[in-house]
Each structure stands twice: as C-alpha cells, then as structure tokens.
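S.K.: The structure under discussion is supplied below as structure tokens; questions concerning it will follow.
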Amino acid sequence: MVGCLVIHGYTGGPYEVEPLVTYLKQKTDWNIVVPTLPGHGEKLALENISHDKWIESAEENLLKLNAEHEQVYLIGFSMGGMIAAYLSAKYKVDKLVLLAPAGKYLSFKQISVEFGELLMDGLKGNLTNNLVYNHYRKKWKTVPFKSTFEFMKLVKHTRHFLTEIKIPVFIAQGQLDSLVPAKTIHYLDKKIASTEKEFVLFDRSKHMICLGDDKNTLNAMVHNFLLKKSVQKQLT
C-alpha cells in the first residue's frame, strides 16, 4: 500500500486540503495521513511555537510512513508545501505535490484588488458574503506577530533545499493568489533540480486552491500525476 502525507498551511488545518484528501481516499486504497501542525487547526494556539516544531511534526509522520510503506507521496499546501519540499530533499519520497507553495509570499497587486472588493462589500453591507473576509476574520486577532516571523524563518530555511529535490514534482498555483504570487511558479522551476516537473496555473483560483473553483480539476490532475509511472522508473 502507498503512504501519502498531506501537510496544510500556516494558520490553517486539515480542512484546507479536505476536498483533495476526500477525492484521493475515494479513488485509492492509500494510507493518507493529514496531521495538524502544532498550534494549528480550528482553534489557533501559536504563541511560543517555533517553526522547528512544525517541521518536526511533519517529519515524524513521514518517517512513520516510510517505515510502514515501500512507496510514499508527499503533498504540501502553502507553508506545508515548503515543509514537504524540505522533507523530500532530506528523506526517501517517491513523488512530490506542491499546492501554492510559499516559496515567495505576498502579491501586493492582488492584495489591492481583494482589499477593493472588501471595501465595496463593506459599503454595501455584504461582508458576510465575502470569501476572503470570512476566511481570515477569525485569524486577525489570534495570530501572534512573532508567529509570522517563525513562518518567514521556515520559508527562508526550506528554500535552500529546493536545489536538492530530484524526484518527480507537480506544482499548482492560482493566478489570483494574494498570499503567494503567481510568479512563484517560475521561481520554483528554476530552483528545483528535478528533471520531471509539471506546472499548472489556474486562472480562477486564489490562495485556498483546494477549496476554490478549480478544485475538481486540481483533484483529478494530482491523482493522475501520482498514478503515472515516472520517466526515471520507465528507463530503469
């Protein structure tokens, strides 16, 4: 049986990747593990938790899967994508999927567009229907400033390992992503050393790519990528 580790993003939880996980569980018999990183989940408790703890948590789950399965896949969303990239460079992993990986962050152009939409919805009294507002309103008061520095340190640390990734990689990015700019996909293409890389840029997707308008297409593409026999194995 295949082992598959799925890692969520910063200030998020397993709910961020739930549609993809549900799809893979319906289509496969894989052992799919979706841990909640320390301090994360529905109730955030990020005070005094370092980025090392987030990496260690994912690392422990990967080592367990490696001990139990001959074949292991890694899927990471946003910050979880950078953790997944780091782990795939350090340990035995067969395939890597990066979903809006936070190799770079903050697209100020898209932030300005979303702020304008927030302002207009606020003036019209429609804030409760604004997806961006609903997703982040609970986090604005519960995320310590120090924790965001830990996120930045994690990204800086894991970036150095991109050049050591040699396994097949699938990367998906949203064109409308305000937290991870679309140009990140080009940055990753240059940095990741693998000769087998697939890139998809979804025109309708924002940062929460697994929950967006393109999620059905994304689910099928990730599934197909993970099932496909790699070129490296075909040549051996």
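The values are calculated or read from the model by the stated rules, or taken from the named source; none is laboratory data. What you see is a predicted model, and the numbers here were worked out from it, not measured in a lab. FYI the Cβ positions are ideal-geometry reconstructions off the backbone, even for glycines, and counts take in every protein chain you see. Side chains are part of the model used for accessible areas, which takes the heavy atoms of the whole protein and leaves out ligands, DNA and RNA. Shrake-Rupley method; radii C 1.70, N 1.55, O 1.52, S 1.80 Å.
S.K.: When the Karplus curve 6.51 cos²θ - 1.76 cosθ + 1.60 is applied with θ = phi - 60°, which whole-Hz ³J(HN,Hα) does each residue of segment 83-92 get, with x for Gly and Pro?
M.R.: 5, 4, 4, 4, 5, 5, 7, 9, 10, 6
S.K.: Another question, then. Rounded, prolate or oblate: which fits segment 10-90 when a ≥ b ≥ c are the square roots of the eigenvalues of the alpha-carbon gyration tensor, with rounded for a/c under 1.5 and prolate only if a/b beats b/c?
M.R.: Numbers: a/c = 2.07, a/b = 1.30, b/c = 1.59.
Note, shape of segment 10-90 comes out oblate.
S.K.: Which of the aspartates and glutamates could be linked to residue 183 by a straight reach, that is with a Cα gap under 14 Å, when you skip same-chain ones fewer than 8 residues away?
M.R.: Excluding near neighbours in sequence, the set is 203.
S.K.: Right, next: Using r as the Cβ-Cβ distance of residue 149 and residue 60, and R0 as 35 Å, what FRET efficiency do you calculate, to the nearest 0.05? Show your work: numbers first, answer last.
M.R.: Values: r = 24 Å, r/R0 = 0.68.
That pair, residue 149 with residue 60, gives E of 0.90.
S.K.: Let me ask something else. Report the extension gain between residue 33 and residue 190 in nm, rounded to one decimal, defined as 0.36 nm multiplied by the number of residues separating them, less their alpha carbon distance. List each step's numbers first, then the result.
M.R.: Numbers: separation 157, 0.36 × 157 = 56.52 nm, distance 2.99 nm.
Computed gain between residue 33 and residue 190 is 53.5 nm.
S.K.: I need the shape label for segment 140-193. Rule: rounded when a/c is under 1.5, else prolate if a/b > b/c, else oblate, with a, b, c from the alpha carbon gyration tensor. Walk me through the numbers on the way to the answer.
M.R.: Details: a/c = 2.99, a/b = 1.51, b/c = 1.98.
Taking the square roots of the gyration eigenvalues as a ≥ b ≥ c, segment 140-193 is oblate.
S.K.: Please compute the per residue accessible area over segment 58-103 with all protein chains in place, 1.4 Å probe, rounded to a whole number of Å².
M.R.: Working: 1320 Å² over 46 residues.
Per-residue accessible area for segment 58-103 comes out at 29 Å².
S.K.: When you count, for each residue, the other Cβ atoms within 10 Å and take the mean per peptide, how do 165-172, 85-92, 194-201, 54-61 rank with the highest first? Please report the intermediate quantities before stating the final value.
M.R.: Working: 165-172: 22.2, 85-92: 20.8, 194-201: 14.9, 54-61: 18.1.
For the peptides 165-172, 85-92, 194-201, 54-61, the packing ranking is 165-172, 85-92, 54-61, 194-201.
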